[in-house]
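J.: The structure that follows is given in the form of structure tokens.
What follows draws every value from the coordinates through simple rules; no lab data is involved. Please read all numbers here as calculations on a predicted model, not as lab measurements. Ideal geometry is used to build each Cβ from the backbone, glycine not excepted, and the neighbour counts take in all protein chains shown.
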Amino acid sequence: MWRFSSIRLLALLAAAVWAVAGTAVASARVALDPKEIRQWADSIFEPSFQEHRFSGAAIVIVQDGKIILSRSYGYADLAAKKPIDPDKTRFQIASVTKTFTGTALAQLMDRGLIESLDNPANKYLKRVHLPQGFGKDVTLRHLLTHQSGFDETSFEMFLTDRKVPVPVSGDEIARHMPPIIREPGTLSVYSNFGLSVIGWVVEDVSGLSLDEYFKRHIFSPLSMTHSLLDLRNHNDPELARPYGYYPNGELKPGQPVGGHPMYAGAGDIQSSMHDMARYMMAHLARGRGDGPHLMSPGMYEMMHARHAGNHPAVKGHGMAFTVGTWNGERTISHGGHLPGFMSEMLLLPDSNIGVFTVVMIGDATITLIEKIKGWFGDNKLTPISGLTIERPLTQLDVAHMFQTRYLGVFTPEAEPSNGALEQYVGCYLTELRPRTSIEKAFSLLSPHAGITVVDIHEQGGLTVNGAGPYEQINRDVFWKKDAGPNIRRPVQSVFESPIYVFLRDGAGRITHVHSLHSAAASERMTGLSAGFFSSLLHGAFWISLTGFAALLWPVKSRGERAGQITAAAVAGLLLVAAGLLTLGFGPYDPLEFQLLLGRVWRFYGIMAIANIVSLIGILALYLAVKSWRSGYWGCGAWGSMRRVHYTALAVAAVSLIPPFWYGNLLMVQW
């Protein structure tokens, strides 16, 4: 009884604090005009549809417990010209699901079934036991605020090839559990796995499967009659279907994916626009006034409060929500992204405003056969004169434009500071990357992904990824006033942040950079980068392919034959590895999806090849030395040229070992 009362007391105290804080910003309350807000939305979405930036999109905005805008653009199914029904058409809301999982946990706290966010998650888990990290238990707070320290993994996140019983067994969870690679509670790094654990806690404490819990305690009380947790239901006719546009005007229908039920709490809800409006209004009401309410007022405030963050000047985390401020206005939000679906929920509690938008656009990737077709003529990537296909409109565009339009250009508080700019210069790599699994090998194929480059601008201040100048407005804080939304920029510039902050370690050294929008800080790069290992891999690969020429060399001894076989074997094995990376993919299952789908046979094959090539490389290096001592492959200039060639092949084969090691492809690392 004391535990239950103490939780309620803390919740009421939190409510009182936020009530006082709310009065301080009441004068800045934004009042939306329905006619004007419709004009604003139409001015963004209508031309974007004509420019083929999406196949279907919708936005719903609420204020003071009422829907003031509900608009859709394009189609729920473009090919069938099926319109979007705001009541019935369901969209995959992706990671916005995490806020529902956080809400469920808050309800259990409100009922006294969970005592404290600072309790170890293991206290409530029954099927599985989380490991300690650096001698610390992983707490519920760590999981909700992305500070658990788990390595990034996406293995089998999209499950299509096998069925997994629900609720998921402890053995199945343990098979997917990544190691802890950073001290819990020290750095927020977005984690799908971490919020999935919260979903298991909800199941183990409540005794209900997560889909049944959502139905009984969230969907039903809020009359969200067209919402569900997708457990193999992604082919339902009410689910919208995204399309991608090829440059030649052809459509590529999207393939909605179903998630592994282990990750259900992290991203598997489908919902309609008006159902999401009801959900937003419940969170904005915060347990006050007429219902329906999901929890006590104080518990809502606890959910929306900032519990952790990497720097005060950028967004932090509440109980699964992302929290921050925009020109003094509190923002509570969460975005989501699944193939074909991009969603964003933005709450402005000081003005009692909620915005939910979803944009559908599929990818337009082509198969290898189609690429080869383009070598000899036109293919689907050949543009047609007069056809405009611009880069996609994203949910971040819409949210950023809304905040800029109604809250003003993002302008942080500034205090003059003149720190030496040289200390910030460098390359920073996102913390949101796999470290310990085979997934790291993808960085060898895309070595520049996730890198932030910071340099000094010629006019003063900093450039970040070429954009600038960023003016120093506080210690370790830099701002670019014109970094606002602009859909005319390339899609990679969507993430041009108006603010960047730098983090320091205990010795005062710069260790990370963090943008306003980032899901994780980026770590300062030291030592050899993925780019170095990628270049080494590519160079050694092409040199090794010339090993087939060794089959033409004259052979008189066993040593010469061994050298000939090793040279050709390395070349052949590398060609097989290249085939595993490029051949046999359908339009909906590119290489990047194979681990997501749990199809690992290609990667096991590549691992086997990496280990065999490494052993052959060591043998080849021995044979190269012996070839000079024994005069392999003939005398004179031709014999010397063959020995030089073989030595280069041996060095190339050995040079493949560091990239294989870096990509976790060698058995000694497993």
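J.: Just to check I understand the Karplus step: with θ = phi - 60° and J = 6.51 cos²θ - 1.76 cosθ + 1.60, what whole-Hz values come out for the stretch 383-390, glycine and proline as x?
T.: Each residue's phi maps through the Karplus curve to give x, 9, 4, x, 9, 9, 10, 8 Hz.
J.: Principal axes first, then extents: for the Cα atoms of the chain, list largest minus smallest coordinate on each axis, whole Å, largest first.
T.: Extents along the principal axes, in whole Å: 95, 62, 59.
J.: Please go through the residue pairs K35/K88; K98/K380; K98/K163; K35/K252 and name each one whose alpha carbons sit more than 30 Å apart in this structure.
T.: K98/K380; K35/K252
J.: May I ask you to list the trypsin sites (Lys or Arg not before Pro) in the stretch 376-454 that are in a DSSP loop and have at most 16 other Cβ atoms within 10 Å of their Cβ?
T.: R435
J.: Sticking with this structure for a sec: Between the stretch 63-120 and the stretch 216-260, what is the C-alpha centre distance in whole Å?
T.: 13 Å
J.: Going Cα to Cα from K440, which aspartates and glutamates come in below 20 Å? Please leave out same-chain ones fewer than 8 positions away.
T.: Candidates past the 8-residue exclusion: D151, E152, E156, E431, E523, D589, E592.
J.: Once you keep just the Cα pairs under 8 angstrom separated by 6 or more residues, what percentage relative contact order results for the chain?
T.: 14 percent.
J.: If N is the number of residues in the stretch 588-670, what value comes out of its Cα radius of gyration divided by 2.2 N^0.38 Å?
T.: Rg over 2.2 N^0.38 Å, computed on Cα atoms: 1.49.
J.: Starting from the amide H of I456, placed 1.01 Å from N in the peptide plane, find each other amide H under 5 Å away whose residue is 5 or more places distant or on another chain.
T.: Excluding prolines and chain starts, which carry no amide H, the hits are T463.
J.: What number in nm² do you get for the stretch 25-100 if you take the convex hull of its Cα atoms and divide its surface by four?
T.: Its average projected convex-hull area is 7.1 nm².
J.: Among rounded, prolate and oblate, which fits the stretch 149-304 when a ≥ b ≥ c are the square roots of the eigenvalues of its C-alpha gyration tensor, a/c under 1.5 means rounded, and a/b larger than b/c means prolate?
T.: Because a/c hits 1.5 or more and a/b fails to exceed b/c, the stretch 149-304 counts as oblate.
J.: So for the stretch 79-147, what are the equivalent ellipsoid semi-axes in whole Å, largest first, each being the square root of 5 times an eigenvalue of the Cα gyration tensor?
T.: The answer is 36, 15, 10 Å, longest axis first.
J.: Go through the stretch 534-541 residue by residue and turn each phi into a ³J(HN,Hα) via Karplus (6.51, -1.76, 1.60, θ = phi - 60°); whole Hz please, and just put x for glycine and proline.
T.: 3J(HN,Hα) across the stretch 534-541, in whole Hz: 5, 5, 4, 4, 5, x, 5, 4.
J.: Only loop residues by DSSP count here, and only those with at most 10 other Cβ atoms within 10 Å; note down the trypsin sites (Lys or Arg not before Pro) in the stretch 155-239 that meet that.
T.: R162, K163
J.: Could you check the spin-label model distance between Q459 and S116? Points 7 Å from the Cα along Cα→Cβ, value in nm.
T.: That separation, rounded to one decimal, is 5.3 nm.
J.: With viscosity set to 0.692 mPa s at 37 °C, what whole-number translational diffusion coefficient in µm²/s follows for the stretch 421-524 from Stokes-Einstein and a Kirkwood radius over Cα pairs?
T.: So the translational diffusion coefficient is about 226 µm²/s.
J.: May I pose another question? Going Cα to Cα from K626, which lysines come in below 20 Å? Please leave out same-chain ones fewer than 8 positions away.
T.: Reachable lysines: K556.
J.: For the stretch 530-669, what is the convex hull volume of the alpha-carbon atoms per residue, in Å³?
T.: 115 Å³
J.: Amide H of I114 versus every other amide H placed in the peptide plane: which residues, excluding those fewer than 5 positions away on the same chain, fall under 5 Å?
T.: M109
J.: Could you please rank Y604, Y213, placing first whichever residue has the fewest other Cβ atoms within 10 Å of its Cβ?
T.: Sorted ascending by nearby Cβ count, the order is Y604, Y213.
J.: Do the sum for the chain: with -39,500 (n - 2.57) for every DSSP H run of n ≥ 4, divided by all residues, what is the mean residue ellipticity at 222 nm, to the nearest 500 deg cm²/dmol?
T.: -11000 deg cm²/dmol
J.: What's the exposure ranking of S169, S534, going from fewest to most Cβ atoms within 10 Å?
T.: Ranking S169, S534 by Cβ neighbours within 10 Å, fewest first, gives S169, S534.
J.: Restricting to DSSP loop positions (anything but H, G, I, E, B) with no more than 15 other Cβ atoms inside 10 Å of their own Cβ, which GluC sites (Glu not before Pro) remain in the stretch 431-538?
T.: E458
J.: Per-residue HN-Hα couplings for the stretch 114-122, Karplus 6.51 cos²θ - 1.76 cosθ + 1.60 at θ = phi - 60°, whole Hz, x for Gly and Pro?
T.: 10, 8, 7, 5, 8, 6, x, 4, 4
J.: So what's the convex hull volume per residue for the Cα atoms of the stretch 374-445, in Å³?
T.: Enclosed volume per residue, from the Cα hull, is 294 Å³.
J.: Among H337, H400, which comes first, then next, by fewest other beta-carbon atoms within 10 Å?
T.: H337, H400
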